[in-house]
Structures are given as structure tokens and as C-alpha cells.
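First the structure, in the form of C-alpha cells, and then the observations on it.
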């Protein structure tokens, strides 16, 4: 009889624990679905970059915004960075330089004296059409400001790795969006189960895309859709457009190629964010999930970053 009572008590305890956890996960999901507070206007921060003779990672507040381990040069491109700015004040940039890729399966041994990365960060008043810009210029009104220009110093000798840090300031008046990002997420770096959980997430992500399941895919990416849209609060259409893009993307017929033999965990966001990167030379530095569709013959690296939101033990895509 005592054993039976103990079993009943244990069963109730487990049930309550499961219910409590489910409530936590549901609460975390509900926070994602809060309505965006739209604004009439705002500031869009952009980062333009160029490089020579190197592979590299550019991080903002310890989150990757650009990763390049490919062949050739890829310069003069611009990325929006509002979604990586979680609060006003100092924003930290880290530039990590690695040897350039010489052939598909070969990297050179070191960085050269010619290796460099240059970044240019601007803030731009939004929304601004081309006509708005012309009118502003005609009236002498500013709508674009240079925030930071930084170029890595010339290397004095060949090196296998080099890292640089710089920063810029964001005024409180220039950040009118509200996103939590990874700021309150759980620390993952010492979690003994994290590798297994990450592998399971990647397996499920791949399966969802192979099945072309729109609803499941949107469930996986809704957090990143929400925060990207929320970081541009003057654009009321962006959330719907991002959702449509992801919906269309989910049903594209694709083949996964370049199977990765060796994938490694990489942590970002001060240990609160994790991703998988391939250590094979062919796809080194990129996601172990790479696919190709009939619409686009260029391979697509499925890069995403995972976290566990406050109050949840479930991995979710944050960027």
C-alpha cells in the first residue's frame, strides 16, 4: 500500500512538473507573438564591409552578422544591423580574420600583409524614398550619418589568426524598437545536454524542409521574423513580407548536398547562443545543412542561431 501511495505521489509530481514546464514554454511563445509597437519613423543602422585576402567573421555584440570562408572576394555589400542592437549605449564590434581559401579544399597557411577588413556603419532616417532623399538634399536636411569607419591595421608578419575590436555608440533617442534577443536567455555553454539537443534540432529542421511543411517551418522561424520586423517599427508590411518569404521558402523542392562529416558547436551571445558549423575543409565555417533548389542553383547554407528563452528549456531560433 505504501509503495502504491509513493508511486501515485511520484506520478502527480512528474505530471505537475510537466505541466509547469509546458506553461513556461507556452508563456515564452506568447511573448514572441506580442504586437509590434509601430512608429512613424526611426533610424536604420547599416554595416557596409569590404575585405582582401582573408576569411572572416564580423560580430556585433558577440553575435555573427557576417561570416565568409568562401573563394574569391566579396566586398561592398551592406547588411541591416538593427536586430543586433538590443539597447542604447556602447555597441561592440569584433572582427576575426582567418587565412583565405585558395581552392575548394584548401586554405592558405596564413594571412598576408595585404589582408584587411574595412567596415563602415551608418544610421539612416527611415522611411525615406528616393524622392524624399532628393528633397532632403535640396533643402540641406540630413538623413544619413556616418557612425563608424574602421579598417584593420596592416599585418607586420604572416599570421594564422588575427582579431580586432572596436565600438560605436547608439543614442537612446535613435532606438525606438523593443526586442529582447538573447539578453535574458539561459547560459548554454556548460549545459551537458546541449550537443544532443542541438543535433536533434538540426535533424528536425532538415526534416521539416524536406517535407515542405509550411506551418512547422514558420513555427521554427517565427521568433527571428518577429524580432527583425520589430527592429524596423516604421515598416508595417515587413512582418507579413518576411512571413510570406519564409512560407514560400519552406515549400521549395530542395536537395541537401555536401554532407558534413564533422560539425562543431560554436557559442555566441556571451554563451547564451549556439550554432553548428562544419569543420570539413570544403564547407568549413558554414552550417552542416546546405541545400540546392531548382529555382536557385547556388547552394544555400542554412545558418541559424539557437537559444533557450527565459523560462523555457526548449531551443528556439533567435537569428
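The values are calculated or read from the model by the stated rules, or taken from the named source; none is laboratory data. This one's a predicted model, so the numbers in the text were calculated from it and none came from an experiment. In this analysis, Cβ positions are derived from the backbone assuming ideal geometry, glycine residues included, and neighbour counts consider all displayed protein chains.
Some values worked out for this structure:
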| read-out | value |
| --- | --- |
| Selection from region 68-92 of residues that are outside any loop (DSSP other than H, G, I, E, B) and surrounded by fewer than 20 Cβ atoms within 10 Å (Cβ to Cβ) | 71, 77, 78, 79, 80, 89, 90, 92 |
| Hits in region 288-305 - residues which are under 17 Å from residue 217 (Cβ atoms) and buried (at least 22 other Cβ atoms within 10 Å of the Cβ) | 289 |
| Any hit, region 105-120, residues being outside the structural domain of residue 276 (by TED's automatic domain parsing), under 23 Å from the mean Cα position of the chain (by Cα) and either free of Cβ contacts under 8 Å to residues at least 60 places away in the same chain or outside any strand (DSSP E or B) (or both) | no |
| Odd one out for residue 241 among (1) surrounded by 14 or more Cβ atoms within 10 Å (Cβ to Cβ); (2) at negative phi; (3) within 19 Å of the chain's Cα centre (by Cα) | (1) |
| Hey, residue 216 in contact with a helix residue (DSSP H, G or I) (Cβ under 6 Å, 6 or more places away or on another chain) and free of Cβ contacts under 8 Å to residues at least 40 places away in the same chain or not | yes |
| Residue, surrounded by the fewest Cβ atoms within 10 Å (Cβ to Cβ), within region 165-211, restricted to residues that are part of a loop (DSSP other than H, G, I, E, B) and touching a helix residue (DSSP H, G or I) at 6+ places or on another chain (Cβ under 6 Å) | 187 |
| Residues being in a loop (DSSP other than H, G, I, E, B) and either closer than 24 Å to residue 171 by Cα or in contact with a helix residue (DSSP H, G or I) (Cβ under 8 Å, 6 or more places away or on another chain) (or both) - total across region 130-156 | 4 |
| Matching residues in region 239-264 - criterion: being touching a helix residue (DSSP H, G or I) at 6+ places or on another chain (Cβ under 8 Å) and closer than 21 Å to residue 35 by Cα | 239, 242, 243, 246, 247 |
| Residues of region 220-238 satisfying the condition of being buried (at least 19 other Cβ atoms within 10 Å of the Cβ), more than 18 Å from residue 315 (Cβ to Cβ) and either touching a helix residue (DSSP H, G or I) at 6+ places or on another chain (Cβ under 9 Å) or not assigned by TED's automatic domain parsing to the domain that holds residue 309 (or both) | 229, 230, 231, 232 |
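Yes/no per residue for (1) modelled with pLDDT of 95 or more; (2) closer than 23 Å to residue 57 by Cβ; (3) not assigned by TED's automatic domain parsing to the domain that holds residue 126:
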site	(1), (2), (3)
155	yes, yes, no
170	yes, yes, no
185	yes, yes, yes
207	yes, no, yes
218	yes, no, yes
